[in-house]
């Protein structure tokens, strides 16, 4: 069965601190895709990153970085030097093939305090 | 931005009334999905479509039906709304190539 776990329900950090959001997934497929989405207070869902199971390279995009480790079935997301605009709910998701449904974690609500 | 719109954006309805939410896309994508978002549950799949008149159930389909008579439109119907269906509903589309959703802006539905 597929499952995505985001154990951190809420996190608060002070501006400029680094923060890591955890994501652990379960799947029996050898081919799958992992995602992170951001949901700011305005409510829309914003795509951040997609990773396929064959690419374990870490990725960095500005202040955002992602650490994918198949050995621990984790796909963690780090925000460096957090800013107030990073305050949002972040969702991790898993999909196993084009057209297949996404399995979402329950989300982590991040609050960055100025 | 991808062309996907949901209507209405907000709706308040009474228990027992039928409600239809609309998702419209201009991307000609094959796959369309309806999710509901509830605190503590993340997003859960209600129904999805893989083509015109081809639909299937997701994990929380009870009390919902869907129709897709055109590529661009995917309708979600609550035949007889209940308070447990108070939620935020998101439509998503997915095209060819590696998986990736584009989401609509959501519909906030309140059943009183």
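Read the figures in this text as sums done on the coordinates, not as results from a lab. What you see is a predicted model; the values in this text were computed from it and never measured. Virtual Cβ from ideal backbone geometry, glycine too; neighbours counted across all protein chains shown.
Top mean-square fluctuation among B:71, B:55, B:26, Gaussian network model of chain B, C-alpha springs under 10 Å?
B:26
How far apart, in nanometres, would the label points at residue A:54 and residue B:71 be if each is projected 7 angstrom from Cα along the Cα-to-Cβ direction?
2.8
Label-point separation (nm) for residue B:13 and residue A:9, each offset 7 Å from Cα along Cα-to-Cβ?
3.1
Ignoring solvent entirely, what values of log10 I(q)/I(0) come out of the Debye formula for the protein assembly as shown at 0.10, 0.13 Å⁻¹ when each Cα is a single scatterer?
-0.46, -0.77
In whole angstrom, note down how far apart the Cα centers of segment A:38-114 and segment A:12-28 are.
Cα centroid to Cα centroid, the span is 8 Å.
Pairwise over distinct Cα atoms, reciprocal of the mean inverse distance: report the Kirkwood radius of segment B:58-106 in Å, one decimal place.
This gives a value of 12.7 Å.
With all distinct Cα pairs included, what does the Kirkwood hydrodynamic radius of segment B:1-63 come out to in Å, to one decimal, could you say?
Value: 13.5 Å, from the Cα pair sum.
I need to check one value: relative contact order of chain B, counting alpha carbon pairs closer than 8 Å and at least 6 residues apart, in percent.
Contact order relative to length: 35 percent.
How large is log10 of I(q)/I(0) for chain B at q = 0.09, 0.11, 0.15, 0.20 Å⁻¹ when the intensity is taken from the Debye formula with one equal scatterer per alpha-carbon?
The Debye formula, applied to the Cα set alone, gives -0.20, -0.31, -0.57, -1.02.
If I build a Gaussian network model for chain A, linking alpha-carbon pairs within less than 10 angstrom, which residue out of A:31, A:20, A:80 has the largest mean-square fluctuation?
Highest fluctuation among the options: A:31.
Quote the FRET efficiency, to the nearest 0.05, computed for residue A:1 versus residue A:70 with a Förster distance R0 of 25 Å and r equal to the Cβ-Cβ distance.
It comes out at approximately 0.90.
For segment A:15-114, report the % of Cα-Cα distances exceeding 18 Å.
Cα-Cα pairs in segment A:15-114 separated by more than 18 Å: 44 percent.
Could the peptides B:8-20, B:79-91 be put in order, highest first, of the mean number of other beta-carbon atoms found within 10 Å of their residues?
B:79-91, B:8-20
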